[in-house]
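Take a look at the structure below.
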Amino acid sequence: MSLDAAPPVSVTRRRFLASTAAIAVLASAGGRVQAASLSGILPWQPYSATPPTPVVPGGWTFFTPAEARAVEAIVDRLIPADDVSVGGKDAGCAVFIDRQLSGSYGSAQNLYMQPPFANGTPSQGFQSPLSPMGRYRQGLAGLDAYCKANFAGKSFDGLSPAEQDDLLKKMEANSIKFDSGDAKSLFELLLQNTMEGFFADPIYGGNKDMVSWRMIGFPGARYDYRDHIDKHNQPYPLPPVSIMGNSTWVRR
């Protein structure tokens, strides 16, 4: 055998099929990709994807008026307004939750909802036959009944901020019981969804005017950072951008 001779290659059926498929794909697309690359034109069109549908403010799609008032009061205590940010209500957290409950999240379309239902470990998540919309409806009814029974007929939104905070702490500690729904479970669900609404892209109804992104210095959905890669320990100077883009951009 010559020292310059290549070692024998074992060609398996899988490798042969993969090579054949790759050649076919390259043969069909190679001309177009090469022509596009040489001409400086990308082989895709802007805005060809289907973006999320922006949430339209105004009105409630899931909550009743009474439920909406309670949730707005709750998100405002979970994220109270201060000198660096508006509260959860003005940030649109209740609107975010309302729209999520009206969609696939609320009806648990992407969750496994078959029995048996048993108390699992924390890592297994919430175990219940109820969808998120069912947990909200039942839990908020229980909260309203508890408030009216213990606060002279007042609903949660009619309580003082101190009373609201004390009640939320008791829900978190699981030290009170509702006639319907679970107090601790409702608190945990509200806290999770409120944080999601506060930090999510504004296209989903929360984080109004990108208030939370501005607060923490998050740039949002900007696509190009090349001018700032080497500027270490320096604040990013540009304002955040939503998935829906910037009003100064022009669609061509």
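Observations on the model:
- Placed amide H near S242: partners under 5 Å, 5+ positions off or other chain: A221
- Rg of the Cα atoms in the stretch 100-252, relative to 2.2 N^0.38 Å, amounts to 1.38.
- Peptides 197-208, 145-156 ranked from most to least packed by the mean count of surrounding Cβ atoms within 10 Å: 197-208, 145-156.
- Dipole in debye (nearest 20) - the stretch 78-215, about Cα centre, beta carbon charges: Lys, Arg +1; Asp, Glu -1: 360
- Counting all C-alpha pairs of the stretch 117-193, share separated by more than 13 Å (%): 68
Read-outs throughout are calculated quantities, based only on the coordinates presented, and are distinct from any laboratory measurement. In this text the structure is predicted, and so the values were computed from the model without any measurement. Please note: Cβ atoms are built from the backbone with ideal geometry, for glycine as well, and neighbour counts cover all protein chains shown.
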